[in-house]
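The values are calculated or read from the model by the stated rules, or taken from the named source; none is laboratory data. This structure is a prediction, so every number in the text was calculated from the model and none was measured. Ideal geometry is used to build each Cβ from the backbone, glycine not excepted, and the neighbour counts take in all protein chains shown.
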Amino acid sequence: MSTEPAPRSIRTAAVADAVHTVTLNRPERRNALSASLLEHLFQVLQTLRHASSCRVVVLEGTGPGFCSGLDLADLADLADPERAAGSARSLAAVLQEIRQSPLVFLASVHGDAWAGGAALMAACDIVLAADSARIAFPAARRGLLPSLILDVVRQRLSAGALNDLFLTGQPVDAHTAQRIGLVERVVTEQTLAEQTLRTAQAVTAGAPETIRQTKRLLRDTTARTPTDASDCDPVRQHLDSRNSQEAQEGIRAFLEKRPPWWSS
């Protein structure tokens, strides 16, 4: 395992009510995902999942870019195959945590988001990118299969876009990424932090439990096959939601022309 001090590789901060940032902090390695960084990142995300003060996580990177992907030094250490295996397992666990967590994840992307770094971005619920951002999946150029990251990226892209990105390995700019579905919003680098926080606060304006259930519903719908769809009863789900305390408060607030008073 890497001897890099894990607490240095990840920074966290509460930046607004119920909004926390998680910052990849290896700028000297372009925030490459070392085994120790991934282990610490997973621990941080698990802690935030159970923190009553957190509803939205903003994932960002320090230095010139968002994240350059897995640290190839871990994969290249043939004398310690467990190091590469641990790195792979940790990346898979982090991606699953982002997808399965009841928290809403926003990616705030500047500079390069490569390979595993682009997968971290794609796993998030909403992606904001600076107009200078570039995104690529160059696994084939490293002789690697993209099996760890393909599932989260596939949920955002058409088959043709997947083929183009993974078979050519060529980077796309932020506007192209937005056009094909990898990115929701493109802003200037100067306004990226402000726009990301504004989006996070828009999420926290929603009813807490309803937002959690909406994320679960969106995730399950995206992953559902046509066969699975027959097992879903959207009318029942809607009625269950409509009868909730949050729905009653939301409707009452609308009729009374006031902000809703959500319980945490």
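A single member of 74, 125 is in contact with a Lys or Arg (Cβ under 8 Å, 6 or more places away or on another chain), of a type outside the set (Val, Ile, Thr) and farther than 30 Å from residue 190 by Cα, and it is 74.
Residues that are of a type outside the set (D, E, K, R) and more than 30 Å from residue 199 (Cβ to Cβ): does the range 156-166 have at least one? It would help to see each step written out before you state the result.
First, the residues of the range 156-166 that are of a type outside the set (D, E, K, R): 157-163, 165-166.
Now restrict to residues that are more than 30 Å from residue 199 (Cβ to Cβ): 163.
Yes - at least one qualifying residue is present in the range 156-166.
Here residue 67 clears all of (1) crowded, with 19+ Cβ neighbours inside 10 Å; (2) at pLDDT below 95 except the condition numbered (2). Just one of the listed residues (83, 55, 99) is touching an Asp or Glu at 6+ places or on another chain (Cβ under 6 Å) and not hydrophobic (A, V, I, L, M, F, W, C), namely 83. Test residue 165 against the stated conditions and say whether it is outside the structural domain of residue 213 (by TED's automatic domain parsing), touching a residue at least 12 places away in the same chain (Cβ under 8 Å), buried (at least 17 other Cβ atoms within 10 Å of the Cβ) and more than 20 Å from residue 24 (Cβ to Cβ). Against the criterion (outside the structural domain of residue 213 (by TED's automatic domain parsing), touching a residue at least 12 places away in the same chain (Cβ under 8 Å), buried (at least 17 other Cβ atoms within 10 Å of the Cβ) and more than 20 Å from residue 24 (Cβ to Cβ)), residue 165 qualifies. For residue 105, the requirement of being in contact with a Cys (Cβ under 6 Å, 6 or more places away or on another chain) and not aliphatic (A, V, I, L, M) is met.
Pick out the one residue from 197, 120, 192 that is part of a helix (DSSP H, G or I), under 30 Å from residue 50 (Cβ atoms) and in contact with a Cys (Cβ under 7 Å, 6 or more places away or on another chain).
Values: 197 fails: in contact with a Cys (Cβ under 7 Å, 6 or more places away or on another chain); 192 fails: in contact with a Cys (Cβ under 7 Å, 6 or more places away or on another chain).
So the residue among 197, 120, 192 that is part of a helix (DSSP H, G or I), under 30 Å from residue 50 (Cβ atoms) and in contact with a Cys (Cβ under 7 Å, 6 or more places away or on another chain) is 120.
On the given criteria, is residue 118 touching a strand residue (DSSP E or B) at 6+ places or on another chain (Cβ under 6 Å) and farther than 22 Å from residue 198 by Cα? So residue 118 fits the description; yes. Residue 23 falls short on exactly one of the conditions (1) modelled with pLDDT of 85 or more; (2) not in a strand (DSSP E or B), and that condition is (2). Exactly one residue out of 100, 155 is surrounded by fewer than 18 Cβ atoms within 10 Å (Cβ to Cβ) and closer than 24 Å to residue 206 by Cα: that is 100.
Among the residues of the range 143-155, is any within 27 Å of residue 93 (Cβ to Cβ), over 16 Å from the mean Cα position of the chain (by Cα) and either modelled with pLDDT of 95 or more or outside any loop (DSSP other than H, G, I, E, B) (or both)? Scanning the range 143-155 turns up no residue that is within 27 Å of residue 93 (Cβ to Cβ), over 16 Å from the mean Cα position of the chain (by Cα) and either modelled with pLDDT of 95 or more or outside any loop (DSSP other than H, G, I, E, B) (or both). The residues of the range 2-20 that are surrounded by 15 or more Cβ atoms within 10 Å (Cβ to Cβ), assigned to a loop (DSSP other than H, G, I, E, B) and modelled with pLDDT under 95, listed by number, are 2, 4. Screening 115, 122, 85 for residues that are free of Cβ contacts under 8 Å to residues at least 60 places away in the same chain and either closer than 22 Å to residue 25 by Cβ or among the basic types (Lys, Arg) (or both) leaves exactly one candidate, 115.
Conditions tested, residue by residue: (1) at pLDDT 95 or above; (2) surrounded by 16 or more Cβ atoms within 10 Å (Cβ to Cβ); (3) within 29 Å of residue 65 (Cα to Cα).
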{"residue": "179", "(1), (2), (3)": "yes, no, yes"}
{"residue": "183", "(1), (2), (3)": "yes, yes, yes"}
{"residue": "192", "(1), (2), (3)": "yes, yes, yes"}
{"residue": "195", "(1), (2), (3)": "yes, yes, yes"}
{"residue": "213", "(1), (2), (3)": "no, yes, no"}
{"residue": "233", "(1), (2), (3)": "no, no, no"}
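Among the residues of the range 101-117, write down those that are in a helix (DSSP H, G or I) and at pLDDT 95 or above.
First, pick out the residues of the range 101-117 that are in a helix (DSSP H, G or I): 116-117.
Listed by number, the list holds a single entry, 117.
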